[in-house]
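Worksheet for the structure shown next.
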Amino acid sequence: MLADAQTASLRTAQTVVRLQAGPSAPQLLSLQAPGKDLWINNAAEDLITSAEVDGHPVPLQWKLLANAGHADAKRVSYIYETQNPHLRLTWEWNARAAIGPIEHRIRIENLDPHELWLPIQDSFRYSWSVPAKHPLRQIYIDKGAGKPTPVGTHQVEVSSDYTWEGKSSTYAPDRGPREIIPWFMVERDGTQGDGWYVGLEFSARTHLTLERARGLLQGSVGLNSKPGPFRTRLQPGDTFETPPVFVGAFTGGRDALGNVLRPWIRQVLNYSGTWKKPDYPMLVNNSWGSGMAVDEALAKRMIDDSADLGMEMFGLDAGWFRGVGDWYPDPKKFPNGLAPIADAAHRRGLKFGIWVDWAQAGTNSEPGALNVNDPKVRDWLVADTPPAWKPDEFVGRSTDIGLPAAKAHAQHELERMVTSYKLDMLEHDGYLVTRNCSRDDHPHAPPPAGSVTTVNGSGVAMPDTSNSTDVSYHAVHSYYEIYSHLRKEHPDLVFEICNDGGRMVDFGSASHGDYFSITDSYDPLSNRRAFYDASQVLPAAMLEDYVEKWPALRLENFRYMLRSGMMGWLTVMQDTNAWTPEQHAAAKEEFALYKEKLRPFIRDADLYHISLRPDGVHWDAIEYHDPRRGKALVYAFRGSDPEEKRHRFVLYGLDPHLQYRLHFQDGSSPDRAESGRDLGSKGLNVTLTYPNSSELIFIDEANEPQSLVK
Ligand SMILES: [Zn+2]
């Protein structure tokens, strides 16, 4: 057997994988951080063993096509085939950057002249040998969804009988076990903080598992097989592709991992056209502070004030349209349409964007409206509506964009809106990409007999059935295709990913949009918690906090409110015209500071989580450190405890041999110099007079020789 095995390896600065093409299945042999102990994998990839042809299961015998594979420094692929039915499987690994993880995917192509059905093919299976007594720790991150959970960033000891499953879908519910950002890491306990991690670049119903037993640490990653049995249709000539995964090794613990993974995402997954914009991430003023009551007069007032404040985009949230699915300006609120609003924004130097839940239908019957009572549209809905069904103000019934006709309609509507409303930004929202569908004539697998076919609401409350994962697989592909197409037509358009907050925060969305609404709760604590969690694995520039009206008695509280949403992408969701003159002046200063000094850190710097996760009572902070510029920045927040006037934060990344100048933005302490050694061991001392206040501390390498700096 070993005689005809082919092996190859791929490497980045942090990750080395060794791969083998066995005669009947490929295998990841090992994963390693250079110079560290190997993670030795005992399991060959679990290739599907049967397919369904004409309603009958047919066993599959995969055979390596020894000379069909490919191996170079960046990509390795091995090809396997079965003859009856004729399927070709490509097992591929890609080192897409010089740093970070290595990407893996499996494609199965139907070369047979017959339609057939495939069972679930996992994206990745692993079974590492680990000594039973070796301490291990798993870290995983909840989605911010509607509101950040109490824990959010989970660190769990992997005991000898540990069993864990994490799930993600296109719309994380708030009830039941919280969905995760589809990723986890396992750290070997020890001084090196080394280990491995895996993430999924796909937004459909997926899961990741981890089990420890009998000297093995094992699990699988890919589409969620439950509730089963999963099956997906494969027409002649079509290809099924597993959700791509990325697998990496790391040393130095969680933040060191993040400081590699975030740049990798920026380099490999994100759209470079957006990063090229010098004003990314942008300062946005969003109309949702006034809810559905927005109209032309308010929009224009907000635009004027946004420009005065130095903001960069005006976002028209829900409330501008005639009705759900009827994405034309409400003539009572916007008698002149949206183009004059866009023009007003552009004249004041602002970008212009809108909210639209473009996959949902309502009951309006104007031409162009997506109407649930239109017989054509009825078949696009994920389920029938009861006779008296009505949409809510901004929530309708989801269509299944996995259906080509529904997808084509959405694409056409988006093109119309982007062009005629002169959009610079498109925010989607709500239950947009379905994870369930009751139709039996769509491209996805039909639902089991007896499933619910009529539901109320958007469709999000439909129970999961055996076809749910396949439904989401198709809908997600359509979603990605729609956005890729829009990108091509409008390379400057910026995409906000919002699904009632942070319900679709994953690495597949990160490949197709530009920034995420990370939670649907907008108070300072929720904003900091959601940022603390999501920034473990995603670039800070992508992480949008909405800042809502919050009782700020003092200017210190007002700045605390703003800064709690200013560590990444800031969207203000208040009518800023209601701010006092003092608040106005303070905000204007903060926004100028954001553009000049904060944004360069948010875009490019390393990020360290230098406190426990925020609890609103005690102190918390994050540190940015940019080794290229020799500069660091600490956002420090004092919680509500009236007794805790000061706190020390140990800093990371600083050179112990250098002196640093410290500048306290609000003057809470006089500027001073300290050594990198002290800042990295004793810590940075911050003192604030008022509860619920904040400080920004700029830390620059001193140019003078050490002896001259006190
Ligand atoms: Zn469907």
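The values are calculated or read from the model by the stated rules, or taken from the named source; none is laboratory data. Nothing here was measured: the structure is a model prediction, and the numbers come from that model. Reconstructed Cβ throughout: ideal geometry from the backbone, glycine too, with neighbour counts over all protein chains shown.
Among residues of the stretch 465-492 that are closer than 19 Å to Leu414 by Cβ and free of Cβ contacts under 8 Å to residues at least 60 places away in the same chain, none has a beta-carbon under 7 Å from a residue that is within 16 Å of the ligand (Cβ to nearest atom) and not in a helix (DSSP H, G or I) at least six positions away or on a different chain. Is the stretch 420-434 home to any residue that is in a loop (DSSP other than H, G, I, E, B) and modelled with pLDDT under 95? Within the stretch 420-434 (the criterion being in a loop (DSSP other than H, G, I, E, B) and modelled with pLDDT under 95), the answer is no, since none of the residues qualifies. Among the residues making up the stretch 450-476, those that are surrounded by fewer than 18 Cβ atoms within 10 Å (Cβ to Cβ) and either within 24 Å of the chain's Cα centre (by Cα) or within 22 Å of Pro404 (Cβ to Cβ) (or both) are Thr453, Ala461, Asp464. Just one residue in the set Ile181, Ile139 is modelled with pLDDT of 95 or more, within 30 Å of Ile401 (Cβ to Cβ) and either among the polar types (S, T, N, Q) or outside any loop (DSSP other than H, G, I, E, B) (or both); that residue is Ile181. When the test is whether a residue is over 27 Å from Pro391 (Cβ atoms) and buried (at least 19 other Cβ atoms within 10 Å of the Cβ), Leu338 does not pass it. Of the residues making up the stretch 477-490, those that are within 14 Å of the ligand (Cβ to nearest atom) and either among the β-branched types (Val, Ile, Thr) or crowded, with 22+ Cβ neighbours inside 10 Å (or both) number 2. Got a sec? Which strands (runs of 3 or more DSSP E) wholly within the stretch 663-710 have at least 3 residues that are under 17 Å from Gly630 (Cβ atoms) and modelled with pLDDT of 95 or more? Result: 672-675, 693-701. Applying the set (1) in a strand (DSSP E or B); (2) of a type outside the set (Lys, Arg); (3) under 28 Å from the mean Cα position of the chain (by Cα) to Glu45 leaves exactly one unmet item: (1). Scanning the stretch 377-414 for residues that are in a helix (DSSP H, G or I), without any contact (Cβ under 8 Å) to a residue 60 or more places away in the chain and away from the ligand (no atom under 16 Å from the Cβ) yields a count of 1.
Yes/no matrix, rows are residues, columns are (1) under 23 Å from the mean Cα position of the chain (by Cα); (2) of a type in the set (Lys, Arg):
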| residue | (1), (2) |
| --- | --- |
| Arg599 | yes, yes |
| Leu607 | yes, no |
| Ile610 | yes, no |
| Ala621 | yes, no |
| Arg628 | no, yes |
| Val634 | no, no |
| Asp641 | no, no |
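Of the residues that make up the stretch 191-202, is at least one assigned to a loop (DSSP other than H, G, I, E, B) and under 28 Å from Glu115 (Cα atoms)? Looking through the stretch 191-202, at least one residue is assigned to a loop (DSSP other than H, G, I, E, B) and under 28 Å from Glu115 (Cα atoms). When the strands (runs of 3 or more DSSP E) confined to the stretch 303-343 are screened for residues that are closer than 30 Å to Leu381 by Cα and touching a helix residue (DSSP H, G or I) at 6+ places or on another chain (Cβ under 9 Å), those reaching at least 2 such residues are found at 313-316, 326-329. With respect to being surrounded by 14 or more Cβ atoms within 10 Å (Cβ to Cβ) and within 30 Å of His154 (Cβ to Cβ), Gly630 falls outside the description. Scanning the stretch 450-476 for residues that are under 19 Å from Gln235 (Cα atoms), within 12 Å of the ligand (Cβ to nearest atom) and of a type in the set (Val, Ile, Thr) yields a single hit, Val471. Of the numbered criteria (1) basic (Lys, Arg); (2) under 15 Å from the mean Cα position of the chain (by Cα); (3) within 14 Å of the ligand (Cβ to nearest atom), the one Arg503 fails is (3).
Out of the residues in the stretch 540-584 meeting the condition of being small (Gly, Ala, Ser) and touching a Phe, Trp or Tyr at 6+ places or on another chain (Cβ under 9 Å), tell me which one is modelled with the lowest pLDDT. Checking each candidate, the answer is Ala552. Filtering Gly248, Gly253, Gly273 for residues that are within 22 Å of Ile106 (Cα to Cα) and not β-branched (Val, Ile, Thr) leaves a single hit, Gly248. Evaluating Ala369 against the criteria (1) more than 16 Å from the ligand (Cβ to nearest atom); (2) small (Gly, Ala, Ser); (3) closer than 17 Å to Met462 by Cα leaves one unmet condition, (3). Here the strands (runs of 3 or more DSSP E) wholly within the stretch 208-293 that include at least 1 residues being within 30 Å of Lys333 (Cα to Cα) are 283-286.
Only one entry of Arg107, Arg96 meets the criterion of being assigned to a strand (DSSP E or B) and either basic (Lys, Arg) or modelled with pLDDT under 95 (or both), and that entry is Arg107. Please determine, by comparing only the residues of the stretch 433-449 that are hydrophobic (A, V, I, L, M, F, W, C) and within 14 Å of the ligand (Cβ to nearest atom), which one is farthest from the chain's Cα centre (by Cα). My answer is Ala445. Considering Phe601, Phe591, the condition of being modelled with pLDDT of 95 or more and touching a Phe, Trp or Tyr at 6+ places or on another chain (Cβ under 7 Å) is satisfied by Phe601 alone.
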